[in-house]
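Working notes, structure below.
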Protein chains: 2
Amino acid sequence: MPRIIKHPELRREELLDRAQALFLTHGYDRASLNDVIAAAGISKGAFYHYFASKEALLEALAKRFAKQALAGVQGVLDDPDLDPLGRLNALMATSRQAKIDTAADAWALFETLFRPENLVLFHRINQAASSSFSPVLVEIIRQGVQDGTFRTFDPEGVADIVMQFGMATHDVIAKAFASGSDADMDIAIEALERRVRLYEIALDRILGLPDGSIRIGEPGYVRAVMTARRSNPSIPRPSKDREPRRAPSRP
Amino acid sequence: MPRIIKHPELRREELLDRAQALFLTHGYDRASLNDVIAAAGISKGAFYHYFASKEALLEALAKRFAKQALAGVQGVLDDPDLDPLGRLNALMATSRQAKIDTAADAWALFETLFRPENLVLFHRINQAASSSFSPVLVEIIRQGVQDGTFRTFDPEGVADIVMQFGMATHDVIAKAFASGSDADMDIAIEALERRVRLYEIALDRILGLPDGSIRIGEPGYVRAVMTARRSNPSIPRPSKDREPRRAPSRP
DNA sequence: TATTATACCGACCAGCAGTCTATTCTCAAG
DNA sequence: CTTGAGAATAGACTGCTGGTCGGTATAATA
């Protein structure tokens with residue numbers, strides 16, 4: 001093979017891009033390193049020049065994700081006109097908006113990220129995102145407590161719960177995506193809206209706010225996401241027949 | 001090798017026992033099938049006679065866990081003298097008690113289950129446990145709503161949150177185990193107690209109860225667990241030098 | 001131009017999950 | 001008491017995996 005040399009940072013990004021695509025479509029475990037390097041058009045040696053292991057590649061990917069996510073909400077964090085409650089709501093609205101807006105590829109991520117074979121990938125990203133967002137959330141809550149908007153002790157704990165809920169919301173939506181027989185879709189949507197409302201009220205109460213203060217998404221939020229899906233059908237799906245070959249047999 | 005034939009169910013249980021020990025000490029991914037069958041003293045062929053795949057073994061293990069856990073709290077569920085709040089508290093106290101009581105091996109599980117290499121294993125067990133406990137929790141909450149003890153819509157959602165919190169509590173404790181430099185241990189314990197209190201109050205409010213109704217654990221709960229640890233030092237820890245060998249190198 | 005560090009190549013390796021064929025054991029039907 | 005079907009076991013074998021290694025071409029430096 002001809003030797004192709006690229007600027008290292010470019011090559012690194014390219015590698016991350018290919019890996020991201022493969023990990024999302026096939027899952028971290030199922031996508032082999034050989035697949036990745038083949039997709040990137042480089043050799044084993046070249047790969048191990050950039051990353052110490054497959055694991056390290058995953059780590060780098062998670063960090064890039066987290067960085068991008070944080071950058072996406074930077075505007076909200078910098079806005080001096082927002083009070084703590086406003087900032088908290090804006091934060092959640094923005095990260096929601098980001099997902100619906102660029103539906104084309106962003107929700108592909110959304111759907112794929114929660115498939116069982118992506119558990120490891122998801123967990124890493126989640127972890128990285130948490131350590132990025134946690135300090136920010138803590139600061140917002142701390143301010144809210146200070147100026148009397150929120151009434152709670154343990155801002156770190158509440159920040160954790162907020163993120164837990166955020167993730168749970170996504171999870172719950174992803175489940176609907178998975179079981180997407182158009183027939184009972186509407187029932188699923190109903191249930192999901194209810195869940196989002198529950199999380200909102202739960203957060204209200206945990207923060208000592210009057211019910212209805214926290215807005216994870218307007219009513220119709222879930223439906224909007226689900227609709228964005230139907231209008232955008234062709235998302236890469238796992239295909240490779242690396243699946244089990246044997247039928248179970250028990251004594 | 002001499003051919004040893006055992007009663008199938010016994011062999012199956014034995015296989016699960018060995019697998020459990022290895023998965024917990026080394027992690028699901030790191031413990032190889034060869035390790036498992038070597039530990040169990042059987043051949044590849046015998047293994048695949050009982051389980052269709054390594055994955056299937058994990059599944060079976062998770063189900064056994066969940067079944068045992070549910071059995072452990074059956075008494076609480078059957079007790080006709082408990083009202084919904086009492087039952088909910090007893091449920092949490094019992095599953096807590098089970099962990100401290102048989103500290104010798106139960107907390108080994110407790111600590112190991114949360115190590116990063118056990119993510120997959122943990123997730124499976126958690127999933128299995130959730131599908132066992134969820135209906136039970138839902139029923140308790142539904143009754144509580146009916147007789148006016150609890151004030152919430154969406155019992156399923158609340159049940160999910162309860163389990164989320166339960167898991168998060170464990171997670172948070174496990175983190176302290178991990179960073180166990182005896183020096184800052186006390187600070188960690190303090191933080192953890194606060195977190196447990198937060199979850200309790202959060203649940204109180206979500207369920208529309210007066211603060212202090214829910215008791216995940218008495219004050220001192222975390223400290224008790226941590227102490228049980230120090231008095232019981234020799235727990236199998238991952239050892240096998242299957243770890244990465246290379247130093248990172250970046251351009 | 002000579003030297004050194006960086007980017008890259010691909011053959012190679014041990015170990016992995018899973019497959020296959022062959023053997024030995026059990027136990028119920030005849 | 002035989003027999004034979006099927007359950008239980010053995011272990012060699014396979015394709016592939018993540019990772020290693022010695023080497024080669026290019027860029028940077030002097």
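Are there trypsin sites (Lys or Arg not before Pro) in region B:1-66 that DSSP marks as loop and that have at most 16 other Cβ atoms within 10 Å, and which are they?
Within region B:1-66, the qualifying trypsin sites (Lys or Arg not before Pro) (loop, at most 16 other Cβ atoms within 10 Å) are B:Arg3, B:Lys6, B:Arg30.
Step through the table entries A:Lys63/B:Lys44; A:Lys44/B:Lys54; A:Lys54/B:Lys67; A:Lys67/B:Lys67; A:Lys44/B:Lys63; A:Lys6/B:Lys54, compare each Cα-Cα distance with 31 Å, and write down the pairs that go over it.
Table pairs above 31 Å Cα-Cα are A:Lys63/B:Lys44; A:Lys54/B:Lys67; A:Lys67/B:Lys67; A:Lys44/B:Lys63; A:Lys6/B:Lys54.
Looking only at other chains, what is the average number of their beta-carbon atoms within 10 angstrom of each beta-carbon in A:203-215?
If you average over the peptide's residues, the count of other-chain Cβ atoms is 2.
For A:Gln74, place a label point 7 Å from Cα along the Cα-to-Cβ direction in every copy; what are the distances to the other copies, in nm, shortest first?
Label-point distances to the other copies, shortest first: 5.9 nm.
Just want the ordering: A:Phe114, A:Phe51, from fewest to most Cβ atoms lying within 10 Å of their own Cβ.
Ordered by Cβ neighbours within 10 Å, fewest first: A:Phe114, A:Phe51.
What fraction, in whole percent, of alpha-carbon pairs in region B:1-80 exceed 20 Å separation?
Summing the P(r) of region B:1-80 above 20 Å gives 37 percent of all pairs.
What residues qualify as long-range amide H neighbours of A:Ile214, i.e. H under 5 Å apart, gap of 5 or more or another chain, H built at 1.01 Å from N?
Long-range HN contacts for A:Ile214: A:Asp204.
Amide H to amide H, which residues 5 or more places from B:Thr152 or on other chains are under 5 Å from it, using H placed in the peptide plane?
Close amide H contacts, sequence-distant or interchain: none at all.
What is the mean number of Cβ atoms from other protein chains located within 10 Å of the Cβ atom of each residue in peptide A:195-201, rounded to a whole number?
Mean partner shielding for this stretch: 4.
How many nanometers, to one decimal and shortest first, lie between the label point of B:Asn34 and those of its other copies, if labels sit 7 Å from Cα toward Cβ?
From this label point to the equivalent ones elsewhere in the assembly: 1.9 nm.
For peptide B:52-59, what's the mean number of Cβ atoms from other chains within 10 Å of each residue's Cβ?
Mean number of neighbouring Cβ atoms from other chains: 2.
What ranking of B:Ile216, B:Ile4 emerges when the number of other C-beta atoms within 10 Å of each C-beta is taken as an exposure proxy, fewest first?
Arranged by neighbour count, lowest to highest, B:Ile216, B:Ile4 become B:Ile4, B:Ile216.
Quick one: in chain A, whose Cβ comes closest to the A/B rotation axis, and how close in angstrom?
Looking at chain A's Cβ atoms against the axis toward B, the nearest is A:Arg205, 2.
Treating the beta-carbon of each Lys and Arg as +1 and of each Asp and Glu as -1, no other charges, what is the dipole magnitude of region B:8-51 about its Cα centre, to the nearest 20 debye?
Approximately 120 debye in magnitude.
Each residue of region A:76-90 in order: what ³J(HN,Hα) in whole Hz does its phi give by Karplus 6.51 cos²θ - 1.76 cosθ + 1.60, θ = phi - 60°, with x for Gly and Pro?
4, 5, 7, 4, x, 7, 8, 8, x, 4, x, 5, 4, 5, 4
Report ³J(HN,Hα) in whole Hz for each residue of region B:159-166, in order, from the Karplus equation J = 6.51 cos²θ - 1.76 cosθ + 1.60 where θ = phi - 60°; Gly and Pro get x.
The phi angles translate into 4, 4, 5, 4, 5, 4, 5, x Hz.
How far is B:Asp211 from itself in the other copies, in nm, if each label sits 7 Å out from Cα along the Cα-Cβ line, shortest first?
Those label-point separations list as 2.0 nm.
Relative contact order, percent, of region A:8-51 when contacts are C-alpha pairs under 8 Å separated by at least 6 residues?
Across region A:8-51, relative contact order equals 35 percent.
Readers should treat all values here as calculations from the given coordinates under stated rules, not as data from a laboratory. Owing to the predicted nature of the structure, the values given are computational and were not obtained by experimental measurement. Every residue, glycine among them, receives a Cβ derived from its backbone with ideal geometry; neighbour counts consider all protein chains shown.
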